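Here's the structure, in structure tokens; my notes come after.
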Amino acid sequence: MNGILNLNKPAGYTSFDCVAVLRKLTGERKIGHTGTLDPEATGVLPICIGKATRLLEYMDEAPKTYVAGCRLGLTTDTRDIWGTLLCDRRPETADLTRENVKEVLLTLEGEIEQKPPVFSAIKVKGKKLYEYAREGKDVEVPVRRVTVHSIRILEWNGPSEPFTMEIVCSRGTYVRSICHDLGERLGCGACMSSLVRTATCGYRIEDAVSLEALRAMTPEQIEALLDPLDTAVSHLPRIDLSEEQAKMFLNGNPLWNGDLMLEDRNFAVYDPSGLLGICKGYLISKVLK
């Protein structure tokens, strides 16, 4: 069984929980996921099975789209509504308008420096940040450079109610931190109240299958839902080789192309039979066949 499954992750499950369920349902051991979602978050979680697991590292390069709820006036230790309340300044939000919030959100777009939440899986000195946080230990959280392509408010019912926004961003971006930073800049605090990933790696939530539906299927029915391997790298620029060039590529020879030598990025390599592998510049990165 080889391919990618577009799973709609339910709330209350970790991303690894979903992988464990799929292993039981399919009988396959070689299964992985891309783009970890927090337990209370829902939405698109691409699951790679068989040979597709070798493409996981390339899938995360694609932008991701989220619909997030944000609660103004509340600050928590996890930067979301499920954490421990640190500060309640909701009365101070009474005069905020949609335009106020929109104006500040614009300052969070583009290539920005972002400090991830202390309750996150980022490792510092070989240990995950949330492990330090649970032990009550202070640790310096590394700042990351991420790209927020766009933020737009979808629904606004006044400052006393959570509002929703659509965020398109790069790998490594924490939506919880966007909500937190918004609250800091508004001067009242804020936290994330909900999170749905609606698109990533070319997969959309409209086409995703639920875990509940999968539990009612046979392994053969699940296999029929898998997308081919090349959908995992559809966002990468493509190189097409002849059969003779493909043989050289599969034997470990670099693609000597003057244009490619100048490109420090990944390419999906094809021959007439389909996807062969990945190269970076002219150097082979991964062969799939």
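Pairs exceeding a 29 Å alpha-carbon distance, out of Lys24/Lys280; Lys9/Lys51; Lys9/Lys280; Lys30/Lys247: Lys24/Lys280; Lys9/Lys280. Net length available on complete extension from His149 to Arg134 is 2.1 nm, with 0.36 nm assigned per residue and the Cα-Cα distance removed. Computed 3J(HN,Hα) for the stretch 265-276, one whole-Hz value per residue from the Karplus formula 6.51 cos²θ - 1.76 cosθ + 1.60 where θ = phi - 60°, is 8, 8, 10, 8, 9, 10, 10, x, 8, x, 5, 9, glycine and proline marked x.
Residues whose amide H comes within less than 5 Å of that of Leu276, counting only those at least five positions distant or on another chain, are Val269, Tyr270, Asp271 (H built at 1.01 Å from N in the peptide plane). Each residue of the stretch 43-49 was assigned a 3J(HN,Hα) from its phi angle through the Karplus expression (A = 6.51, B = -1.76, C = 1.60, θ = phi - 60°), giving x, 5, 9, x, 10, 9, 10 Hz with x at Gly and Pro. For the pair Ser273 and Glu166, a Förster radius of 45 Å applied to the C-beta separation gives a FRET efficiency near 0.70, rounded to the nearest 0.05. Once the chain from Ser210 to Asn253 is taken as fully extended at 0.36 nm per residue, the excess over their C-alpha distance is 11.2 nm. Packing-based ranking of 156-168, 217-229, 194-206 yields 194-206, 156-168, 217-229, ordered from highest to lowest mean Cβ neighbour count within 10 Å. Potential lengthening of the chain between Glu92 and Met217 amounts to 39.9 nm, from the contour at 0.36 nm per residue minus the alpha-carbon distance.
Read-outs: derived from the displayed coordinates by stated rules, not from any lab. Keep in mind the model is a prediction, meaning the values are calculated, not measured. All Cβ positions, glycine included, derive from the backbone under ideal geometry; neighbour counts span all protein chains shown.
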